[in-house]
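Chemist: I have a structure I would like to understand better, so I am pasting it below and will then ask my questions one at a time.
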Amino acid sequence: MFEPNEVLQVLSGRGALSAEGIEPVKVRYKVKIERRDGSILARGSVTGSRAALHPLWLTPDSTLQLKDGRQLAVSLTDLVGDTAEFESTEPVAMG
């Protein structure tokens, strides 16, 4: 049995955030991978240039590339200064 909203892994590092038609933005990320309602999902924050993050915040679907090469489908949910919060839009593969 597992705990609801069980944190499975916390990742941090440098990566890139991109979306269709928008140049990739270099970011620092902190990602919590957790089990919620039987699915493995991610949420966290990215820090980068506000001017570069703003178009991605207005776009519903983005991709966060982690330093280990994994890619997470995310949506930015909030942008304050140079930091944006996000949630995954698809289940996350553990690896």
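The values are calculated or read from the model by the stated rules, or taken from the named source; none is laboratory data. Values in this document were obtained by computation on a predicted structure and should not be read as measured data. Positions of Cβ are backbone-derived with ideal geometry, glycine not excepted, and every protein chain shown enters the neighbour counts. We work out accessible area using only protein heavy atoms, side chains counted, and drop any ligands, DNA or RNA first. Shrake-Rupley method; radii C 1.70, N 1.55, O 1.52, S 1.80 Å.
Chemist: Could you go through the range 26-35 and let me know if any residue there is surrounded by fewer than 15 Cβ atoms within 10 Å (Cβ to Cβ), more than 12 Å from the chain's Cα centre (by Cα) and free of Cβ contacts under 8 Å to residues at least 40 places away in the same chain.
Modeler: Within the range 26-35, one or more residues are surrounded by fewer than 15 Cβ atoms within 10 Å (Cβ to Cβ), more than 12 Å from the chain's Cα centre (by Cα) and free of Cβ contacts under 8 Å to residues at least 40 places away in the same chain.
Chemist: Here are some residues: LEU76, LEU56. Which one is hydrophobic (A, V, I, L, M, F, W, C), open to solvent by less than 40 Å² (accessible area, probe 1.4 Å) and farther than 24 Å from ASN5 by Cα?
Modeler: Matching residue, one of LEU76, LEU56: LEU56.
Chemist: Could we say that GLY15 is open to solvent by less than 70 Å² (accessible area, probe 1.4 Å), within 16 Å of VAL92 (Cα to Cα) and of a type outside the set (A, V, I, L, M) here?
Modeler: On the way: open to solvent by less than 70 Å² (accessible area, probe 1.4 Å): yes; within 16 Å of VAL92 (Cα to Cα): no; of a type outside the set (A, V, I, L, M): yes.
For GLY15, the condition - open to solvent by less than 70 Å² (accessible area, probe 1.4 Å), within 16 Å of VAL92 (Cα to Cα) and of a type outside the set (A, V, I, L, M) - is not met.
Chemist: Which count do you get for residues in the range 36-53 that are open to solvent by 70 Å² or more (accessible area, probe 1.4 Å) and within 19 Å of GLU90 (Cα to Cα)? Walk me through how you get there before you give the answer.
Modeler: We begin by selecting, within the range 36-53, every residue open to solvent by 70 Å² or more (accessible area, probe 1.4 Å); these are 37, 43, 50-51.
Restricting the remaining residues to those that are within 19 Å of GLU90 (Cα to Cα) gives 37, 43.
Adding up the residues that qualify gives 2.
Chemist: Cβ contacts < 7 Å: first residue under 17 Å from ALA16 (Cα atoms) and among the basic types (Lys, Arg), restricted to the range 69-95; second residue open to solvent by 40 Å² or more (accessible area, probe 1.4 Å) and not in a strand (DSSP E or B), any location; separation 6+ or different chain. Result?
Modeler: Taking only residues 6 or more apart or on different chains, the pairs are ARG70/GLY95.
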